Amino acid sequence: MTESDGWQVGPAPGTAADYMDFLDWAERTGELPKSTAANWRVASTKVLQIEDNWQDVNVADFDLDAHPSRFATLKRTAYNASPAVLFSGRCSTNSANAGAQLI
């Protein structure tokens with residue numbers, strides 16, 4: 001978040017950046033264990049980074065079927081099958097949770 005004329009200005013609602021802020025809040029307030037928030041943050045970031053300006057991706061309207069498949073195709077040489085599936089699964093779960101939290 002940034003401050004502008006005394007007002008707290010955060011990322012646009014429903015975006016990946018907003019979801020990352022949510023994870024920060026959930027970790028800070030104890031809503032999620034630190035390890036869970038960290039794991040979700042890393043997995044979601046890895047999967048979302050295949051998009052240009054990934055922080056601006058609207059996770060509330062995210063295509064939970066197509067995006068993880070694209071991630072697996074684009075990053076197939078970077079990860080063995082298990083982490084690719086794990087990252088995709090976490091992204092799907094986290095994006096759905098974030099969409100529910102951010103709406």
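The values are calculated or read from the model by the stated rules, or taken from the named source; none is laboratory data. Please read all numbers here as calculations on a predicted model, not as lab measurements. Cβ sites come from the backbone with ideal geometry, for glycine too, and all protein chains shown count toward neighbours.
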Note to self: For region 3-25, check the following and say yes or no: at least one residue is at pLDDT 90 or above, of a type in the set (S, T, N, Q) and surrounded by fewer than 17 Cβ atoms within 10 Å (Cβ to Cβ).
What the structure shows: no
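Do we have any residue at all in region 8-18 that's of a type outside the set (Gly, Ala, Ser), free of Cβ contacts under 8 Å to residues at least 60 places away in the same chain and in a loop (DSSP other than H, G, I, E, B)?
Yes, region 8-18 contains at least one residue that is of a type outside the set (Gly, Ala, Ser), free of Cβ contacts under 8 Å to residues at least 60 places away in the same chain and in a loop (DSSP other than H, G, I, E, B).
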Margin query: Regarding region 80-99, can at least one residue be identified that is assigned to a helix (DSSP H, G or I), modelled with pLDDT of 80 or more, within 11 Å of the chain's Cα centre (by Cα) and surrounded by fewer than 18 Cβ atoms within 10 Å (Cβ to Cβ)?
Written below: no
Expected single match for at pLDDT below 55 and of a type in the set (A, V, I, L, M, F, W, C) among Leu102, Leu48 is Leu102
Out of (1) closer than 16 Å to Trp40 by Cβ; (2) at pLDDT 85 or above; (3) hydroxyl-bearing (Ser, Thr, Tyr), the one Thr73 does not meet is (1)
Over region 33-44, the set of residues surrounded by 14 or more Cβ atoms within 10 Å (Cβ to Cβ), at pLDDT 90 or above and not aliphatic (A, V, I, L, M) is Asn39, Trp40, Arg41
